[in-house]
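Note sheet for the following structure.
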């Protein structure tokens, strides 16, 4: 082992002319990455100018320590071959022997001139892939459901109950807060407008229809998609990374039946309840502001509400809740099962899952609005 | 710093995770230029001790010093300098799964911000050659690699900055015997070329016998023996007896009689 020099004396270059007239470059000190530090770039230029003289004698025997970086620096200055006259310490010989045998770095891959078309094509195929995957997963769930009807003992009640608690009960706080605030804001803005026309009483119609039919379900769905959807995707993704999914497969426990189905069923049950809760809290928020701004009493508000809003609107809101809940769970599980076992895929999958869920929730809402345009509105 | 001086000093170290005590009063000095093997049963705190030396855990009591300086409470530049002098091979490799093999090894070099891409490319190729990985694997992602390759590439990354201190956490665990031997040879070769200090936690007696100059044995939260392999074997402790003088231990020591006496 070479003598250990703790001092960080960086490399020193000295050019001398010998008795025979030949010039000699004497290198001394430490030629390591830590010792070179910021001097590396200027030193590279200096060495390159010296290396232009082919008759120059390189004397490296004064170097106390040299590592790969130092050797590469010299090697590059010499244009990847040993200079004609070179004096080396035996332990540094090995470094340059290795450099001589260094494989050529792989050539960088040239960019395809047709890349915009390839990118577009890949996106289309990916979309197709997702569609097929989602349809296959829904089909698998249907088959599982039929199987479970025939074998009711196998229904995963515990998983359903756990998911119900996680996606439903634990979401009550955040949905209440957001619902209440939206109710307050909506009521405040509408009451100011209505006051101008002296149509104060219509605040009940505006709040009732907009919250029960539209805002309650959509708000709840978006919050649940962000909250429970992302956690479902991440859960399945981490199970993939840690090979837990494979462990389930080899035990003969099907993913769709034990992981996906409980989530879909639980969110299908929890979501309408969360919608009901969000709508109720938003209405309370609106009611409080209506009392402050317009002087409408709580009792009056509540007694007029059934007249202003047809009961069909409530069923419509709950129906949206069921559909959105099941679709969110399905999309989250679909993305979760597609995650590959690396960190980047996990992050990307979770983001895609939430973005897709929210987009689909809004599309579902639009479809409901068109299909049921004649229902519940006077 | 001459050989024999402490590069890492552990002084009266206590480690606790909640109410669970891992170490009690550990005193240890890693000398410059040596290979120190940490031995102990599963859960005896080998990895925890190594993490303490790296500053990944904070001691409940006691001190860890690197080159005479405490690991905690250093300013940013000093700490970075200390970190650049250490290379770590984690048990499972800990390659960044979002980066290719090439970028994994190039990352510590790029972080220095003194090397240009041309030097980095050559250095990466050199490190890959050193751990005997073909250059066609350079563009692969860690998920596509076998366990042995991950270990070797992780070693290449640990060696990227030619550190003077190398930590190996179970370097040969999960490798087949041939690969494991090749790995030991690789590390021996590196020690020949570079003034390297190695701290190694291992279960594997073959690796331990082939590489370590001194051995520290951890059992029952304490360090029960510290010294050369010959000295440690003579110590009377139930763990040492079962580890070195059991069926496997005897066989390994028999095979390596030459090394032990030499």
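The single condition among (1) surrounded by fewer than 20 Cβ atoms within 10 Å (Cβ to Cβ); (2) farther than 14 Å from residue A:229 by Cβ that residue A:351 does not meet is (2).
The strands (runs of 3 or more DSSP E) found wholly in region B:166-236 and carrying at least 1 residues that are within 14 Å of another protein chain (Cβ to nearest Cβ) and touching a strand residue (DSSP E or B) at 6+ places or on another chain (Cβ under 7 Å) occupy B:197-201.
Do you know which of the residues in region B:225-251 that are buried (at least 17 other Cβ atoms within 10 Å of the Cβ) and in contact with a helix residue (DSSP H, G or I) (Cβ under 7 Å, 6 or more places away or on another chain) is nearest to residue B:42 (Cα to Cα)? The qualifying residue nearest to residue B:42 (Cα to Cα) is B:243. Here the condition is being over 23 Å from residue A:44 (Cβ atoms), surrounded by 15 or more Cβ atoms within 10 Å (Cβ to Cβ), without any contact (Cβ under 8 Å) to a residue 60 or more places away in the chain and in contact with a strand residue (DSSP E or B) (Cβ under 9 Å, 6 or more places away or on another chain); of B:79, B:71, B:99, B:89, it holds for B:71 alone. Please verify whether residue A:338 is more than 14 Å from chain B (Cβ to nearest Cβ), modelled with pLDDT under 95 and touching a helix residue (DSSP H, G or I) at 6+ places or on another chain (Cβ under 8 Å), treating the condition exactly as stated. Against the criterion (more than 14 Å from chain B (Cβ to nearest Cβ), modelled with pLDDT under 95 and touching a helix residue (DSSP H, G or I) at 6+ places or on another chain (Cβ under 8 Å)), residue A:338 qualifies. If you go through region A:101-151 and keep only what is closer than 30 Å to residue B:129 by Cβ and touching a helix residue (DSSP H, G or I) at 6+ places or on another chain (Cβ under 9 Å), you end up with A:101, A:102, A:103, A:104, A:105, A:106.
Scanning region A:225-252 for residues that are farther than 20 Å from residue A:346 by Cα and modelled with pLDDT under 90 yields one hit, A:252. The criterion of at least 1 residues that are more than 14 Å from chain B (Cβ to nearest Cβ) and at pLDDT 95 or above is met by the following helices (runs of 4 or more DSSP H) wholly inside region A:72-175: A:115-150, A:157-167. Checked against the criterion of being surrounded by 18 or more Cβ atoms within 10 Å (Cβ to Cβ) and within 15 Å of residue A:308 (Cβ to Cβ), the candidates A:208, A:237, A:229 yield just one match: A:208.
The values are calculated or read from the model by the stated rules, or taken from the named source; none is laboratory data. The structure presented is a predicted model; accordingly, all values stated were derived computationally and were not measured. A quick note on method: Cβ atoms are made from the backbone with ideal geometry, for glycine too, and the neighbour counts reach across all protein chains shown.
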